[in-house]
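Engineer: Input: one structure, supplied below.
Each reported figure results from applying straightforward, stated rules to the coordinates on display, with no laboratory input. Quick caveat: nothing in here was measured; it's all calculated off a predicted structure. Cβ sites come from the backbone with ideal geometry, for glycine too, and all protein chains shown count toward neighbours.
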Amino acid sequence: MTEEPQLYHSVKIDSLELSGNLFLAPVAGYSDRSFRSVCYEHGADFAYTEMVSSEALVRASVKTATIMERAPNEKNLAVQIFGGEEKIMAEATKIVINTVNPQLIDINAGCPVPKIIKTGAGSALTREPERLGKIVKAVCSAVAETEKNIPVTVKIRSGWDQKHISFKEAAQAAIENGAKAITLHSRTRAQGYEGKADWSKLAELVQMFSNTNIPIFGSGDVFTPEDCKRMLEETSCSAVMFARGAMGNPFIFTQSKQLLQTGSYSEIPLSLRLKTGMKELNLLIEDIGEKAACREMRKRFCGYTKGISGAAEIRKQIVACSSVQDYENVVLSCYFL
Ligand SMILES: Cc1cc2nc3c(=O)[nH]c(=O)nc-3n(C[C@H](O)[C@H](O)[C@H](O)COP(=O)(O)O)c2cc1C
């Protein structure tokens, strides 16, 4: 009798060993260290910073340096950088390593935002595999110069649009030039974040590298623990990345792990949801101060109240919060609905 493969398992990215395969995706405006910290607390096995501009790093932007800071409970730090210029990406790599000494550097080849694409970065790199290869090579050489053993990975899209699907060529070019893992967000640039992610492309990519030691990670439309299980079953990818599904819902990591290991998972009580939202707020305050954190948490806190009865009324209160006291009042209202 052949044994069923374990869906929850450790992951090896070159020399980096991770205890599990449930990752927090890089998400601009969300995956700062307060949220990464909360995700680690609730079962994430690995988490990426939001994309950091190579140009800004080279210009020594203080704000940019803050994005990369490690959370106290963050054993492994993965910094994602973006840019379209080899030299600047190489220089930025050295700055990242000297500033925060991460365990992994990821290159963004998927961002669909016009301002980013115009500079030759983001999904422009999935469209141009040869240029992507050169950037990967430059970043890997920069890592080698520091004499650190830090794997470089790449996050790509499936292509520019339906007529220009280039994920296989992009992945191949990245790996030939030194990348140690690939994440595929199986939407095209033209889709943005709309429509369905096409997991069959992810399955194809996994198949393409099945005889190598290069792990392939999946991103796109993982909103529930069941989605996570299905992605692993349907594509055999090595790890699943949660993006929008984890916003205001870091519990999705523990729940997915439970589902993969036992076949079911427990619901999260309202008290824990609210407590975790307040924890994220307080961590964010440590980094950016009460005023900015309270403003920033408005969109995030709504996620923590999703699904509770009277959530629409609560949301109205949240979007007006400007102090910790305001948020505490929201929490109280949640109990008295
Ligand atoms: C608001 C927002 C910001 C994002 N920022 C980044 C980013 O900085 N770097 C990146 O590689 N992907 C970024 N992504 C893409 C996500 O990592 C992920 O690939 C995508 O959302 C698909 O997953 P989902 O359908 O499960 O949300 C972002 C997505 C959203 C919605």
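Engineer: Where Lys and Arg each count +1 and Asp and Glu each count -1, what net charge lies around E74 among other residues with Cβ under 13 Å from its Cβ? Provide the component values of the computation, followed by the final result.
Structural biologist: Working: positive: R33, R36, R70, K75; negative: D32, E41, D45, E69.
The answer is 0.
Engineer: Compute the angle between helix 167-176 and the longest alpha-carbon principal axis of the chain, please, reported from 0 to 90 degrees and rounded to the nearest 10.
Structural biologist: 70
Engineer: Rg and Dmax of the chain, Cα atoms, in Å?
Structural biologist: Taking only Cα atoms of the chain, I get Rg and Dmax of 19.8, 61 Å.
Engineer: Measuring from label point to label point, each 7 Å out along Cα→Cβ, what is the N101 to K63 span in nm?
Structural biologist: 2.9
Engineer: Okay, next question. Along the charge dipole of the chain, pointing to its positive end and built from +1/-1 on Cβ of Lys, Arg, Asp and Glu, which listed residue (C140, G29, G263) has its Cα farthest out?
Structural biologist: It is G29, whose Cα lies furthest towards the positive end.
Engineer: Same structure again: Roughly how far apart, in whole Å, are the Cα centres of segment 161-177 and segment 102-147?
Structural biologist: About 13 Å separates the Cα centre of segment 161-177 from the one of segment 102-147.
Engineer: With the contact rule set at Cα under 8 Å and sequence spacing of 6 or more, what percent relative contact order holds for the chain?
Structural biologist: Working: 653 pairs, mean separation 48.4, N = 337.
Once divided by the residue count of the chain, the mean separation gives 14 percent.
Engineer: On a 0 to 90° scale, report how tilted helix 252-262 is relative to the longest principal axis of the chain, with both axes built from alpha carbons and the result rounded to the nearest 10.
Structural biologist: 80
Engineer: At 7 Å along Cα-to-Cβ for each site, give me the label-to-label distance between S309 and Q325 in nm.
Structural biologist: 3.1
Engineer: Per residue of segment 80-85, in order, report the coupling 6.51 cos²θ - 1.76 cosθ + 1.60 (Karplus, θ = phi - 60°) as ³J(HN,Hα) in whole Hz, putting x for Gly and Pro.
Structural biologist: 9, 10, 9, x, x, 10
Engineer: Under the rule of -39500 (n - 2.57) per DSSP H run of 4 or more residues, summed and divided by the residues of the chain, what mean residue ellipticity at 222 nm is obtained, to the nearest 500 deg cm²/dmol?
Structural biologist: Numbers: 15 runs with 156 residues, N = 337.
Helix-only estimate at 222 nm: -14000 deg cm²/dmol.
Engineer: Size of the dipole of segment 272-337 about the Cα centre, Lys and Arg at +1 and Asp and Glu at -1 on the beta carbon, nothing else charged, in debye to 20?
Structural biologist: On the way: 11 positive and 8 negative charges, 61 e Å.
My answer is approximately 300 debye.
Engineer: Now, a different point. For the cross-link pairs K94/K137; K63/K299; K75/K196; K137/K163; K63/K137, which exceed 24 Å when the distance is taken from alpha carbon to alpha carbon? Present the calculation step by step, with values, prior to reporting the outcome.
Structural biologist: Numbers: K94/K137 14 Å; K63/K299 21 Å; K75/K196 34 Å; K137/K163 28 Å; K63/K137 27 Å.
Going by Cα-Cα distance, K75/K196; K137/K163; K63/K137 fall outside the 24 Å limit.
Engineer: Charges only on Cβ, +1 for Lys and Arg, -1 for Asp and Glu: so what's the dipole of the chain about the Cα centre, in debye to the nearest 20? Intermediate values should be presented prior to the final figure.
Structural biologist: Values: 40 positive and 39 negative charges, 159 e Å.
It comes to approximately 760 debye.
Engineer: List the residues, sorted by chain then number, that are 5 or more residues from C111 or on another chain and whose placed amide H is less than 5 Å from its amide H.
Structural biologist: Residues meeting the criterion, in which the H sits 1.01 Å from N, are G122, S123.
Engineer: How compact is segment 70-199 by the rule of thumb for globular proteins, expressed as Cα Rg over 2.2 N^0.38 Å?
Structural biologist: The value comes to 1.03.
Engineer: Among A292, S309, L332, whose Cα sits farthest toward the positive end of the charge dipole of segment 270-335 (+1 at Cβ of Lys/Arg, -1 at Cβ of Asp/Glu, about the Cα centre)?
Structural biologist: Final value for the positive-end residue is S309.
Engineer: Treating the angle as unsigned and between 0 and 90°, give the value, to the nearest 10°, between the Cα long axis of helix 129-145 and the longest Cα principal axis of the chain.
Structural biologist: 80
Engineer: Just to be sure I understand: if I project the alpha-carbon convex hull of segment 1-148 onto a plane and average over all orientations, what area do I get in nm²? Let's see the in-between values first.
Structural biologist: Numbers: hull surface 41.9 nm².
Directional mean of the projected Cα hull area for segment 1-148 stands at 10.5 nm².
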